[in-house]
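Computed from the coordinates by the stated procedures, all read-outs in this text should not be read as laboratory data. Remember, predicted model here, so these are calculated numbers, not experimental data. With ideal geometry, Cβ positions are generated from the backbone for all residues, glycine too; neighbour counts draw on all protein chains shown.
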Amino acid sequence: METDEWRGTASADGFAGVRRGLWVEEPAVRYRMPDQVRRAAVRAVIIAAVTLIQAMIAFLSTLAGSWLAFPMVLSSVASTVVATWGVLDVWVTRQMWNQRHGVVSVPSSTARQLRRERRRARRAARAAMREETRIRRRGANRLSEA
């Protein structure tokens, strides 16, 4: 397939008839995280990045035999504890937000039962509508025969 055909135009002079824009908006697949959870996640990522940098500096200064190696190893250990706390903070914040803002946690059997009841009600309503239209048609046919 030619580039122009892919773009929706098949012109002999190349890109003269390109109608499609460079930026195409696509709907998000997942919903955006709540603000509190996103804040905690950003905090955790920053802490994890600092921890990785500290660990790398500790490793390189150990290889070089620098006096900075020991303090950096200690701070890396402390940062690892803080990074673990940061990840747990994201998890706890997410759980708390779900509980406070009405994310329904219904056992699947209950949810299935509710779906079945709704389906039965919809089927009954459709059957009633069909029966009503049949009655109307029969009445119209009887009037036309008379």
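Summary of values
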quantity: Under the Karplus curve 6.51 cos²θ - 1.76 cosθ + 1.60, θ = phi - 60°, whole-Hz ³J(HN,Hα) for the stretch 27-34, x wherever Gly or Pro sits; calculated: x, 5, 6, 10, 6, 5, 5, x
quantity: Where labels lie 7 Å past Cα in the beta-carbon direction, separation of A28 and R122 in nm; calculated: 2.7 nm
quantity: DSSP-assigned coil residues among chymotrypsin sites (Phe, Trp or Tyr not before Pro) in the stretch 46-133, each with at most 16 further Cβ atoms within 10 Å; calculated: W67
quantity: Diffusion coefficient, µm² s⁻¹, Stokes-Einstein with Kirkwood Rh over alpha-carbon pairs of the stretch 47-128 at 20 °C and 1.002 mPa s; calculated: 124 µm²/s
quantity: Positive minus negative residues near M33 (Lys, Arg vs Asp, Glu; Cβ under 12 Å); calculated: +4
